[in-house]
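Each remark here refers to the structure printed beneath this line.
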Amino acid sequence: MRISIIGSGYVGLVSGACFAELGHRVLCVDNNRKKITSLKKGIIPIYEPGLDKLIASNIKKKRLGFSSSIKEAVQKSEIIFIAVGTPALENGEADLTYIENVARNIALNMDGYRLIVEKSTVPVETGEWVKKTISTHIRHKTEFDVASNPEFLREGVAINDFMQPDRIVIGVESKRAKDLLLKLYKPLKAPVVVTNIKSAELIKHASNSFLAAKISFINALSRICDRVGADVIEVARGIGLDKRIGLDFLKAGIGYGGSCFPKDLDAFINISSKLGYDFKFLKATKEINDEQKEYVLQKIKDALWIIKDKTIGVLGLAFKPDTDDIRNSPALDIITSLKREGAKIKVYDPRAQAKSREILEKVQFCRNPYELSRGCDCLLVITEWEEFKKLDFSRIKKQMRLPLVVDARNIYSPEKLKQLGFQYVGIGHR
Ligand code: NAD
Ligand code: UGA
């Protein structure tokens, strides 16, 4: 099938490359011309494991192309996915400017039936607005359908998540739209949930909110564990083995970050309030998450007493491992707070250094964890990269001024580090 994807970011590029791998002919479009020029040269603007190879092989098979023209996309495809960003406005509301802009441009170029699919995460009832926008701007009277097909991939494991999804959700209002999407996804042998558009939109916000709530629940529990000397890792396993609860998303730490959970919770709280419902449950989830960063900061203060002029080595800048994405990364907030208190900051991340250099000022970027630990009063782990789990702590101890490890992801064994002479501070884990 011939499809286009408007918006070639984390979701657009991964979906485009995967649809091409399934045998479809895909055009990935973006209004960032620099990005499109790079992609045409085979330069991938993001780090996502396996994506470079998947893109290269599908370009070679002539199933994947790039363009900055929505007109070309509309001419060449029957199905057009919208995968542009839907960031949060100041008040938490989702900014749907890019969605509206793309919908208008699609309408202006349509000369026959097209299926326009929301892939971006949007508040419930956005589909109604997309339909209205297209009807208003369409030049040649023709039939069209709007559908919602939310994406559930996670960065770092995006290709696997796309190719082996737990489920595919399609929100449709016509048989034609349903049949087109079922045919498109047929090669993926996953359960398909067919709903109306509003239910599909809600499923996406509800999924992210529920996952975020699981994280806040375990982070709240970590606070109780700290008070009584219980271990949050054991508690999580003990509750998570109950299949009704599940082990996933029960890792306590510094709280969730990234480009999705924080903004999607804000957007869901906002749209619920507009619909006349005060979603207190989500407000609590968000509040606990915000507090968790303060909690880690307090732990550093409790260990060091005075932060001013102390050197803190931050391991990890990405919001999670296996990505270079630093959008809403807890690392950035905690670095800002530590700098405000007068700390000297050294940082190291295996993949997110380049993007961090664009926004982090007055920090020392290091080439590896050993260079980072030299002269530090505290080693602070923010991202659980595999590389950090295998460090030579005997070597690190010799280099640090004070042997203190604040493990904001609970990746180390407290006993082992204590045996080596470190002071170990975990999150509900000691
Ligand atoms: P992104 O910022 O990485 O990519 C968005 C792209 O859209 C950018 O390259 C931008 O230049 C382009 N764009 C903006 N306006 C455009 C226009 N008018 N015409 C053409 N291109 C335009 O964002 P992302 O992380 O890929 O997220 C996209 C959407 O998918 C969001 O709604 C997000 O919530 C959702 N989502 C993201 C993930 C994820 O893991 N990142 C997972 C599931 C869903
Ligand atoms: C999340 C969802 O998992 C995806 O299903 C969804 O498609 C995506 O958002 C989206 O809508 O954009 P992502 O943000 O890429 O994916 O990464 P996650 O693995 O969900 O992690 C999100 C944050 O939660 C990270 O900061 C991570 O460190 C944190 N987290 C995750 C925890 O603190 N504890 C956990 O147990 C799991």
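Overview of values
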{"read-out": "Tabulated pairs, the stretch 370-390, first at negative phi, second assigned to a loop (DSSP other than H, G, I, E, B) and acidic (Asp, Glu), C-beta under 7 angstrom, 6+ apart or interchain", "value": "Thr383/Asp349"}
{"read-out": "Unique match (being touching a Lys or Arg at 6+ places or on another chain (Cβ under 8 Å) and of a type in the set (D, E, K, R)) among Lys76, Lys71, Lys34, Lys61", "value": "Lys76"}
{"read-out": "Selection from the stretch 133-191 of residues that are touching a strand residue (DSSP E or B) at 6+ places or on another chain (Cβ under 6 Å), of a type in the set (D, E, K, R) and within 16 Å of ligand 1 (Cβ to nearest atom)", "value": "Arg167"}
{"read-out": "Residue, nearest to the chain's Cα centre (by Cα), within the stretch 255-292, restricted to residues that are farther than 15 Å from Arg327 by Cα and among the hydroxyl-bearing types (Ser, Thr, Tyr)", "value": "Thr285"}
{"read-out": "Test: Ser356 is within 26 Å of the chain's Cα centre (by Cα) and either closer than 26 Å to Ser222 by Cβ or open to solvent by 60 Å² or more (accessible area, probe 1.4 Å) (or both)", "value": "no"}
{"read-out": "Test: residue in the stretch 326-337 that is crowded, with 23+ Cβ neighbours inside 10 Å, closer than 22 Å to Ile396 by Cα and either within 13 Å of ligand 2 (Cβ to nearest atom) or modelled with pLDDT of 95 or more (or both)", "value": "yes"}
{"read-out": "Subset tally (residues that are within 16 Å of ligand 2 (Cβ to nearest atom), among the β-branched types (Val, Ile, Thr) and touching a residue at least 40 places away in the same chain (Cβ under 8 Å)) for the stretch 407-430", "value": "1"}
{"read-out": "Residue check, Glu361 over 12 Å from Ile312 (Cα atoms), surrounded by fewer than 20 Cβ atoms within 10 Å (Cβ to Cβ) and touching a residue at least 40 places away in the same chain (Cβ under 8 Å)", "value": "no"}
{"read-out": "Where a residue in the stretch 134-161 is closer than 23 Å to Ile55 by Cβ and outside any loop (DSSP other than H, G, I, E, B) and its partner, wherever it lies, is open to solvent by less than 20 Å² (accessible area, probe 1.4 Å) and of a type in the set (A, V, I, L, M, F, W, C), with Cβ under 8 Å and at least six apart", "value": "Ala158/Val14; Ala158/Leu51; Ile159/Val14; Ile159/Ala17; Ile159/Cys18; Ile159/Leu51"}
{"read-out": "Qualifying residues in the stretch 75-129 (those that are over 20 Å from Arg139 (Cα atoms) and free of Cβ contacts under 8 Å to residues at least 60 places away in the same chain) - the one surrounded by the fewest Cβ atoms within 10 Å (Cβ to Cβ)", "value": "Glu90"}
{"read-out": "In the stretch 164-184, residue nearest to ligand 2 (Cβ to nearest atom) [restricted to those that are touching a residue at least 60 places away in the same chain (Cβ under 8 Å) and either surrounded by fewer than 16 Cβ atoms within 10 Å (Cβ to Cβ) or polar (S, T, N, Q) (or both)]", "value": "Lys183"}
{"read-out": "Top-ranked residue in the stretch 204-245 [being open to solvent by 50 Å² or more (accessible area, probe 1.4 Å) and closer than 13 Å to Asp264 by Cβ; ranked as farthest from ligand 2 (Cβ to nearest atom)]", "value": "Phe210"}
{"read-out": "Pair list, Cβ < 7 Å and 6+ apart or interchain, from the stretch 248-261 residues that are within 6 Å of ligand 2 (Cβ to nearest atom) to residues that are hydroxyl-bearing (Ser, Thr, Tyr)", "value": "Gly257/Ser329; Cys260/Thr121"}
{"read-out": "Answer from Ala200, Ala236, Ala213, Ala206 - the residue that is within 28 Å of Lys119 (Cα to Cα), touching a Leu at 6+ places or on another chain (Cβ under 9 Å) and assigned to a helix (DSSP H, G or I)", "value": "Ala213"}
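Yes or no, residue by residue, for (1) modelled with pLDDT of 95 or more; (2) of a type in the set (Gly, Ala, Ser); (3) out of contact with any strand residue (DSSP E or B) (no Cβ under 8 Å at 6 or more places or on another chain):
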{"site": "Val194", "(1), (2), (3)": "yes, no, no"}
{"site": "His205", "(1), (2), (3)": "yes, no, yes"}
{"site": "Asn208", "(1), (2), (3)": "yes, no, yes"}
{"site": "Ala212", "(1), (2), (3)": "yes, yes, yes"}
{"site": "Ser216", "(1), (2), (3)": "yes, yes, yes"}
{"site": "Cys225", "(1), (2), (3)": "yes, no, yes"}
{"site": "Val228", "(1), (2), (3)": "yes, no, yes"}
{"site": "Ala236", "(1), (2), (3)": "yes, yes, yes"}
{"site": "Ile239", "(1), (2), (3)": "yes, no, yes"}
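The values are calculated or read from the model by the stated rules, or taken from the named source; none is laboratory data. Note that the coordinates shown come from a computational prediction; the quantities given were computed from them, not determined experimentally. Cβ atoms come from the backbone with ideal geometry, glycine included; neighbour counts cover every protein chain shown. All accessible areas refer to the heavy atoms of the entire protein, side chains included, with ligands and DNA or RNA removed. Shrake-Rupley method; radii C 1.70, N 1.55, O 1.52, S 1.80 Å.
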